[in-house]
2 protein chains.
Amino acid sequence: MTEMSGGPSSGTGVPGRIGIGLQLDAIHMKILEVLRENGRISVAALAERVGISRASAYTRFEALRADGVIKRFTAEVDHVRAGLGITALVFVTVRQQMWKQFRAQLAQMPEVEYCAITTGQHDAMIQVRMADVAAVHALVTERLASIPAVKATETVFILDEVLKRPYVLPSDHRPRQAPRRPPAADPPPPAGVPLGKMRFVGAAEGRADMRRQT
Amino acid sequence: MTEMSGGPSSGTGVPGRIGIGLQLDAIHMKILEVLRENGRISVAALAERVGISRASAYTRFEALRADGVIKRFTAEVDHVRAGLGITALVFVTVRQQMWKQFRAQLAQMPEVEYCAITTGQHDAMIQVRMADVAAVHALVTERLASIPAVKATETVFILDEVLKRPYVLPSDHRPRQAPRRPPAADPPPPAGVPLGKMRFVGAAEGRADMRRQT
DNA sequence: GTTGAAATTAGTACGAA
DNA sequence: TTCGTACTAATTTCAAC
């Protein structure tokens, strides 16, 4: 129930939905905006805030839900208050061709809140919430390390979560500046770049001393 | 509204709540479990699923909300369907003593879904959702790089989000094995370890060739 | 903390624009 | 499609236990 479904943005291998589904208009977006801020708002109040009739709101609401644009409604819990005060990120190097096993094992680890496959130096990043630092250590060394598919891990701790937005929507983005043709410098990214690790270092800035703590 | 409040797990510098607030019992946890899976369930249905009366459910529900254990209710939106098909992680090195400015600038960037301050090689990790790869590139090179507080960035793309759990609770964790005293090997983590980067490499495994793509 | 009522609100169905 | 209304079912509130 917690595994995501379909497509390279969420799949476990299950092929994504073929049809294009709903074509979202401005009103759909407005509904999503309201709902991501207040997932428990009544459809009547939603209709009012969006500026449509109750009946239309019900129709659109149901369509968004049925079409999977809205995946679920959830309560955001303060994990510290709930007893899980430590959050860590574990970067995992996965043994080639053991991805399926890796995914299967992850599904068995309920303390993992998030897992994404990434480009770059590591293969995956997982986020875990635990009661204390020792529990993170135990999880990484005893449970993650014992998965044959896991070749290596690297753990960092989260000191502070600065922001967490319910869900980002295109309407949040500033109106994309007209696809300008850059005058000379700052060329757009090469089309065929292998989505690897991009690196930027402040202009004329040595890359020495790039390590510190907060 | 999207900034998190209070305490080293969520603050922008605002001191955290002093009081201990609610003492959560098993029923509170059960309520949280239900609510994170279905944030729109009625309190009446919630009461039934948890096995308490409606009135109690209302009381506890309100208490959890008022106390901040439940921070908000939100709709999980399929960002791909919503038009933001690309997700990237940007690891940021922040210039010392410019954290405040860094946070302020981040608050101005609605395309940032998540930002956490971390230990390890980098100082912060931010997650962004954009319409395409070029937009990520533009964001990183034009907007992030123009923040004086940002010394350097490193970007990786998310190829697949394997799992995303609404919220992990202690009840998800397997019953913690009694705080065993390890026989000899595998000592618990040194108490005073600076929460830095922990690294694990599979036993007797060279650390060569640790790079691949999925 | 529980039960059982009243008052309010939500969800549905329908015809009309 | 969307809207407006009326109808039914459910939820929330509030009382007493």
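Brief remarks on what is shown
- So A:Pro190, is it open to solvent by 40 Å² or more (accessible area, probe 1.4 Å), more than 7 Å from every other protein chain (Cβ to nearest Cβ) and modelled with pLDDT of 95 or more: no
- Taking the criterion of being within 18 Å of B:Thr119 (Cβ to Cβ) and either more than 19 Å from the chain's Cα centre (by Cα) or of a type outside the set (Val, Ile, Thr) (or both), the residues of segment A:87-104 that qualify are A:Ala88, A:Leu89, A:Phe91.
- The set of residues from segment B:25-68 being away from DNA strand C (no atom under 15 Å from the Cβ) and in contact (Cβ under 8 Å) with a residue 24 or more places away in the chain comprises B:Leu32, B:Glu33, B:Leu35, B:Arg36, B:Glu37, B:Gly68.
- All positions within segment B:47-69 that are within 11 Å of DNA strand D (Cβ to nearest atom) and of a type in the set (Val, Ile, Thr): B:Thr59
- If you filter segment B:89-98 down to residues that are open to solvent by 10 Å² or more (accessible area, probe 1.4 Å) and modelled with pLDDT of 95 or more, you find that the one that is nearest to A:Asp123 (Cα to Cα) is B:Phe91.
- Residue in segment B:73-95 that is without any contact (Cβ under 8 Å) to a residue 40 or more places away in the chain, within 16 Å of DNA strand D (Cβ to nearest atom) and part of a strand (DSSP E or B) present: yes
- Test: residue in segment A:169-181 that is open to solvent by less than 40 Å² (accessible area, probe 1.4 Å) and either touching a Lys or Arg at 6+ places or on another chain (Cβ under 6 Å) or modelled with pLDDT under 50 (or both): no
- Total residues in segment A:74-90 satisfying the condition of being among the basic types (Lys, Arg) and more than 7 Å from every other protein chain (Cβ to nearest Cβ): the figure is 0.
- Each residue in segment B:46-82 was checked for being farther than 20 Å from B:Lys30 by Cα and open to solvent by 40 Å² or more (accessible area, probe 1.4 Å), and 2 pass.
- Residue check for A:Arg212: touching an Asp or Glu at 6+ places or on another chain (Cβ under 9 Å) and either surrounded by fewer than 14 Cβ atoms within 10 Å (Cβ to Cβ) or modelled with pLDDT of 95 or more (or both): yes
The values are calculated or read from the model by the stated rules, or taken from the named source; none is laboratory data. In this text, all values refer to a predicted model and were calculated from it rather than measured experimentally. FYI the Cβ positions are ideal-geometry reconstructions off the backbone, even for glycines, and counts take in every protein chain you see. With ligands, DNA and RNA removed, areas are computed over all heavy atoms of the protein, side chains included. Shrake-Rupley method; radii C 1.70, N 1.55, O 1.52, S 1.80 Å.
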